[in-house]
Amino acid sequence: MFKYAGQNRGLVFNGCTMKKILIGAVVAVVVVIVAAVLVVGFFLDGIVKKGIETVGPQVTKVDIKLDSVHLSLLGGSARVKGLVVGNPEGYKSPQAISVGSAHVAVRPGSVLSDKVVVKSIVVESPEITFEGGPLKNNLTAIMDNVNAAAGAEKSTESKPGETAPAKKLQVDEFKITGAKVHIVGGPTIPLPDISLANLGTGSEGITPADLTQRVLSALVTGTLKAVADTGISEVGKQATEAVGGAVDKVGKSIGDLFKKK
């Protein structure tokens, strides 16, 4: 395969041997890259889970637990299982929202950019607990916390240099399907599907707090409307009167955030 070259005793490889070595080197590099992706993906699942359980409560001011997150870095997708959003202080039911599973599809090339492009988020069959009255309940309490967090985030962004800006998002489609609302002291009712589109399509995008605010506002409004349609004398009557005001309140708090397109 090789021979000695004169007094220098250097090794001279023939063309065939050199080609095999180059191929072997390329294969070794590919194996290392694939192994790195698998290892990073394995640990990222845990990192994302911990991030959701850490950052989520900072925005909502309630406990958030998650069973698991599975990421596919190469495919640009994620699956979330067993998401549970707790209730604010003062409410007796153990949770406000529970989600069996949710699917997220991301444009892979955008993950390292300033704005992450999310092609779709689909939340399947969430269970929502409604406790309280139409104007003051566990969902509006969480909504108030999210509004405050979004306002604080915007205030921080207006003071450059103090903290690193939050990652911006673009969400092409957000769907909540097959939801049910459990009214404390009342029946369980279906919630019409919720569909949002083209969130943060402008150059500036939206922040995670903005997205949470937008989705939760649609969820609260939809729940109030569903409760109003139950026909329950006291709750239904109050909810019917409150729906219009609640929609105005939620919409006003969001303001012009989602006019950026």
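The strands (runs of 3 or more DSSP E) located wholly in the stretch 1-113 that include 2 or more residues which are open to solvent by less than 80 Å² (accessible area, probe 1.4 Å), within 30 Å of residue 138 (Cα to Cα) and modelled with pLDDT of 85 or more occupy 64-72, 77-86, 95-106.
Scanning the stretch 148-178 for residues that are of a type outside the set (A, V, I, L, M) and modelled with pLDDT of 85 or more yields 168, 170, 172, 173, 174, 175, 177, 178. Within the stretch 106-148, the set of residues being among the small types (Gly, Ala, Ser) and over 18 Å from residue 193 (Cβ atoms) comprises 109, 110, 113, 132, 133, 141, 148.
For residue 220, the requirement of being modelled with pLDDT of 85 or more and either open to solvent by less than 10 Å² (accessible area, probe 1.4 Å) or touching a strand residue (DSSP E or B) at 6+ places or on another chain (Cβ under 8 Å) (or both) is met. Taken as a whole, the condition of being over 20 Å from residue 53 (Cβ atoms) and open to solvent by less than 30 Å² (accessible area, probe 1.4 Å) does not apply to residue 132.
Residues that are in a helix (DSSP H, G or I), touching a residue at least 60 places away in the same chain (Cβ under 8 Å) and of a type outside the set (A, V, I, L, M, F, W, C) within the stretch 200-225 comprise 208, 210, 212, 213, 217, 223, listed in sequence order.
The values are calculated or read from the model by the stated rules, or taken from the named source; none is laboratory data. Everything quoted here is computed from the prediction, not taken from an experiment. Glycine also receives a Cβ, built like all others from the backbone with ideal geometry; neighbour counts cover every protein chain displayed. Surface areas here come from the heavy atoms of the whole protein model, side chains and all, with no ligands, DNA or RNA. Shrake-Rupley method; radii C 1.70, N 1.55, O 1.52, S 1.80 Å.
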